[in-house]
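The values are calculated or read from the model by the stated rules, or taken from the named source; none is laboratory data. Computed from a prediction, not measured in an experiment: that's the story for all the values here. Here the Cβ is made from the backbone with ideal geometry for all residues, glycine too, and neighbour counts use every protein chain on show.
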Amino acid sequence: MELIQARIRGLGKLKESQWFELSPHLNLFQFPDQKGLNDQTFATNFLQLLQTINPTYDIEKIQPFANFPNFTKQGGYTRHINPAKRTVALAVFSATPSLVKELAVADEWLYETDRIEVGRRLDYSRWINFVEIAASTRWSEISDNIQILLDQVQNLRPDLTIPLDDIFHSLKPADRIKNELQEQLAHWLKNLPAEVQKSSGQLIESTFSAVMRADHFQTARDIVCSRLPLFVTLGNSISHSNTKKEETHSLHNLLHLIANSAKSPSKDSITDEHTSFDKLNEQLERSNFSSMTLRVQLCPTGLLLMIDDKPMQTAPGDPVSSLKQIQAKAFLAVAFSRVAYKTEPILLFAEPERMVSNTLHAELADFVINISNTCQCLYSFSDVDIFSHITEGKRYSIDDLHIPELL
């Protein structure tokens, strides 16, 4: 899956943007050096919102929208925000041929899949839509078929028409077949007389498939979730004042996700976990990302990322340079995504130039450009533009995104 469009619908200091298109490689975003949420810059907040589409952390535990206001002002009026109806981050992906084949197993309608829209709401729920493909059947699409079957049943078993009498006359053409109505129609179709099943088997089958489309599309959404690119932020981390919360974009969260992935319901032994980690280490070794040697190692205290056979540390005073940490985390994200999701991650660089010395800016730029040839990269910054010599990819300013100024 490739991210082709996105937008944010923030609140308070970070307001909503227009839709913006994305390059499959490098995308640059420049913001004024101003504070947004959680004492972070706009450049960092912007990518933090996008990351919520498919983050490396437990979103309900971290609660990245906790500091968003509960009210908004429009036209001089204050309006309460319903978290279940407010989408904060939206993304549109293109579907790969292999994904379409997977989806079509759930429902033949999904052979038409071209674009998939994903959104994250303020209440942390996530929704998925298949653009221009209805996720449920309208009553008008099957009413003629149901009437034909009703007429046949009327001649054989009049009592079996009673359950549909009230339904048939109360429905409107545009009503969707889902929830309780779907269950009622599916039960009725499954229990038609043997004579009707024999004479109208194909009609029953096609009607039943249309009735069950809402369930089929939920299965398809689950497939999309398993193939959705992981959004990995590198660079500035977010610090919460609430001590119960941890840094949203730390290496710890990625390692924790990897460890949890190895402990899926089907994995009931340490041997299975080792097999999963072996696959990841094989991917790290096979990728030959750089001169450094990377591998993950399971130990009693958790999962460690080893660099040249030494544990990578993230505490202050760590001997591993900031640039090397960024590179190692990016390489780990790519390898894990290939093993777990069968796709490349989307790397979100949140002002990493602030973390490395000026003398390493050229090396940082080269690294980002090179890895953008492997997976999509979104790089946000404020003042220091280390890509001023680059013309490839997409480049946006805050004016291009039409994000209003601070309130």
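(1) surrounded by fewer than 18 Cβ atoms within 10 Å (Cβ to Cβ); (2) not in a helix (DSSP H, G or I): which one isn't true of Ser140, the others all being true?
(2)
Give me the pairs, please: first residue somewhere in segment 355-379 and in contact (Cβ under 8 Å) with a residue 24 or more places away in the chain and more than 20 Å from Phe231 (Cα to Cα), second residue anywhere and basic (Lys, Arg) and surrounded by 13 or more Cβ atoms within 10 Å (Cβ to Cβ), beta-carbon distance under 9 Å, and either six or more positions apart or on two chains.
From segment 355-379, no pairs qualify.
What are the residues in segment 243-263 that are within 22 Å of Gln325 (Cα to Cα), at pLDDT 60 or above and not in a helix (DSSP H, G or I), if any?
The one that is within 22 Å of Gln325 (Cα to Cα), at pLDDT 60 or above and not in a helix (DSSP H, G or I): Ser250.
Quick check on this structure: which one of Glu353, Glu363, Glu344 is in a helix (DSSP H, G or I) and surrounded by 15 or more Cβ atoms within 10 Å (Cβ to Cβ)?
On the way: Glu363 fails: surrounded by 15 or more Cβ atoms within 10 Å (Cβ to Cβ); Glu344 fails: in a helix (DSSP H, G or I).
After ruling out the rest, the residue left standing is Glu353.
State which residue is surrounded by the fewest Cβ atoms within 10 Å (Cβ to Cβ) when the search covers only segment 82-104 and only residues that are under 15 Å from Gly119 (Cβ atoms) and β-branched (Val, Ile, Thr). Let's see the steps before the verdict.
First pass over segment 82-104, keeping only residues under 15 Å from Gly119 (Cβ atoms): 82-93.
Those left that are additionally β-branched (Val, Ile, Thr): 87-88, 92.
Numbers: Thr87: 17, Val88: 24, Val92: 20.
The qualifying residue surrounded by the fewest Cβ atoms within 10 Å (Cβ to Cβ) is Thr87.
Taking segment 169-189, which residues are over 16 Å from Ser209 (Cβ atoms) and touching a Phe, Trp or Tyr at 6+ places or on another chain (Cβ under 8 Å)?
Leu171, Lys172, Pro173, Ala174, Asp175
Is it fair to say Ser266 is loosely packed, with under 14 Cβ neighbours inside 10 Å, polar (S, T, N, Q) and at pLDDT below 85? Let's see the steps before the verdict.
On the way: loosely packed, with under 14 Cβ neighbours inside 10 Å: yes; polar (S, T, N, Q): yes; at pLDDT below 85: yes.
Against the criterion (loosely packed, with under 14 Cβ neighbours inside 10 Å, polar (S, T, N, Q) and at pLDDT below 85), Ser266 qualifies.
Can you pull out every residue in segment 367-405 that is at pLDDT 85 or above and aliphatic (A, V, I, L, M)?
Val368, Ile369, Ile371, Leu378, Val384, Ile386
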